[in-house]
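Step one of this worksheet: look at the structure below.
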Amino acid sequence: MWKQFFISRKFIIFTGIFIGISAAVLQKLGNPANMGICVACMERDIAGALGLHRAAVVQYIRPEIIGFVFGSLIAALVFKEFKARSGSAPLIRFVLGFLAMIGALVFLGCPWRTLLRLAGGDGNALFGLAGLITGIWVGILFIKSGYNLGRNQRTYPLVGWIMPLIMMGLFLLLLFRPQLPSGAVFFSSQGPGSQNAPIFIALLVAMVIGFLAQRTRFCTVAAVRDVILIKDTYLFTGVISLLLAALVSNLILKQFHSGFQGQPIAHINQLWNFGGMVLAGLAFTLAGGCPGRQLFLSGEGDADAAVFVLGMIVGAGFAHNFAMASSAQGPGLWGPASVIIGLIICLIIGFSMSDLMKKKKEA
Amino acid sequence: MSEKIDVRGLSCPLPVVTVRNKLLEIKKGILEVLIDTGTAKDNITRMAVNADWKVEVKEEGEEYLLIISK
């Protein structure tokens, strides 16, 4: 009976509302503005803390990412859904994760933060949202053309435990903050990286979200994809609930500031707000889910999703080291070029792993 | 006569898309679907029920057999 309840419409709405309220409250408790939860930004901060990039203002081990994986792991163990699996084109997934992060950092947010930026009154996020939907739509064209990364295989339980163990390692680094001669572990003393909610509150809230999302299969990309592809509004209701709950919470907490100019951790170059999210939306769709979903899957033993997450973290390092990430002033020097190259790579992946290439060969 | 398809190991959304295409093709009858994740089981069940198919779920070890009929 419980299993049925978890996949009911009411429960996905509850999950969306819980995430929306949590994001606004985590912001109130110290997280950066319109970034109560942002999977891409928070993984980028982790990359910075580990020294994979040296952007001094975005370095922190975000407990929210750790909590997402732990919460999903607990739900998967309780409901006997933890299954170690791997082998569905992991290297392609790494590349897709890498590119998704580049696109997200050109816009300055993942699909979760797109919603939260909208809920905070940031009009620039409308262009990101339009880009996201466009990217998902292109991905759907590939899926309709037989795009398939191949089947995964059941494997040794340890393979499924690797991501939770990595998260445990990160959590220990966050708690004990060792200082090595290289300067690692890096923690920002100013900027967004220095703004954070209390560790254990953030961890606990994220674990609840991870638990709920594992049960409801919450995914911000599939929410749009399923409406277009299979006319299913189940996940979409969850995403709308998130948006509305965050909006109302922001209004109550006086965190709503509408406009385009001067929005927190955002820029007003709408072409690349749009373009960045086309790339991210396409890469997420080709990989089967949004960055949050990839964390939840990696918590339930999906090592391919874990490889995607690692691709995102490495991508964040490159995005900052190679001037691809945007700042409040606009896109980085190589941001636009990296989006175009990323889109070309995604299109090559989409064409070469669908029936389109087979048909061409047969012709 | 029933048909059987195996969507084990496929990533989202391929299990639900594959089954949906098959249901649109056969229009009536019985389709057996072999599945290995709870997500695919939930997605396929919801899609089939919304399209007025009856779904019976059988747990077979760590996998599921869905019997979809109309």
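Only the coordinates and a few stated rules stand behind these numbers; no lab work does. Computed from a predicted model, the values in this text were never measured in an experiment. Positions of Cβ are backbone-derived with ideal geometry, glycine not excepted, and every protein chain shown enters the neighbour counts.
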- [ ] Return the sequence-ordered ³J(HN,Hα) values of the stretch A:338-353 in whole Hz as given by the Karplus equation 6.51 cos²θ - 1.76 cosθ + 1.60 applied to θ = phi - 60°, using x for Gly and Pro.
- [x] 5, 5, 5, 5, x, 5, 4, 4, 4, 5, 4, 4, x, 5, 6, 10
Open item on the list: Apply the Karplus curve 6.51 cos²θ - 1.76 cosθ + 1.60, θ = phi - 60°, to the phi angles in the stretch A:6-22 and return the couplings in whole Hz, x for Gly and Pro.
Closed with: 5, 9, 7, 4, 4, 6, 5, 5, 4, 4, x, 5, 4, 5, x, 5, 4
Task: Net +/- balance of residues flanking A:Phe308 in space, Cβ distance below 13 Å, scoring K and R +1, D and E -1 - done: -1
Task: Length gained when the stretch A:Leu244-A:Arg177 is fully extended (0.36 nm per residue, less Cα-Cα span) - done: 20.4 nm
Task: Sequence-separation-based contact order of chain A, relative, with Cα cut under 8 Å and 6+ spacing, percent - done: 37
TODO: Binning at 10 Å from 0, report for the stretch A:211-329 what percent of all alpha-carbon pair distances ends up in each bin.
DONE: 11, 31, 39, 19, 0
- [ ] Apply 1/(1 + (r/R0)^6) to the Cβ-Cβ distance of A:Leu347 and A:Leu253, taking R0 = 56 Å, and write down the FRET efficiency to the nearest 0.05.
- [x] 0.85
Task: In range of the label at B:Glu59: residues from the stretch A:36-77 whose backbone nitrogen is under 15 Å from the point 7 Å along Cα→Cβ - done: A:76-77
Task: Cβ-placed point charges (K, R +1; D, E -1), dipole of chain A about Cα centre in debye, nearest 20 - done: 620
- [ ] Just rank A:Met101, A:Met42, fewest to most, by other beta-carbon atoms within 10 angstrom.
- [x] A:Met42, A:Met101
TODO: Add +1 for every Lys or Arg and -1 for every Asp or Glu among the other residues with Cβ under 13 Å from the Cβ of A:Arg85, and state the total.
DONE: -2
- [ ] Quick one: which residues, 5 or more positions from A:His53 or on another chain, have an amide H under 5 Å from its amide H? H modelled 1.01 Å from N in the peptide plane, none for Pro or chain starts.
- [x] A:Gly48
Task: Cα-based radius of gyration of the protein assembly as shown once divided by 2.2 N^0.38 Å, which approximates compact folds - done: 0.94
TODO: Assuming R0 = 25 Å, can you tell me the calculated FRET efficiency for the pair A:Leu158 and B:Leu34, based on Cβ-Cβ distance, to the nearest 0.05?
DONE: 0.45
Task: Cα convex hull volume per residue for the stretch B:2-69 (Å³) - done: 68
TODO: Tabulate in residue order the Karplus-calculated ³J(HN,Hα) for the stretch A:94-101, using 6.51 cos²θ - 1.76 cosθ + 1.60 with θ = phi - 60°, rounded to whole Hz; enter x for Gly and Pro.
DONE: 4, 4, 5, x, 4, 5, 4, 5
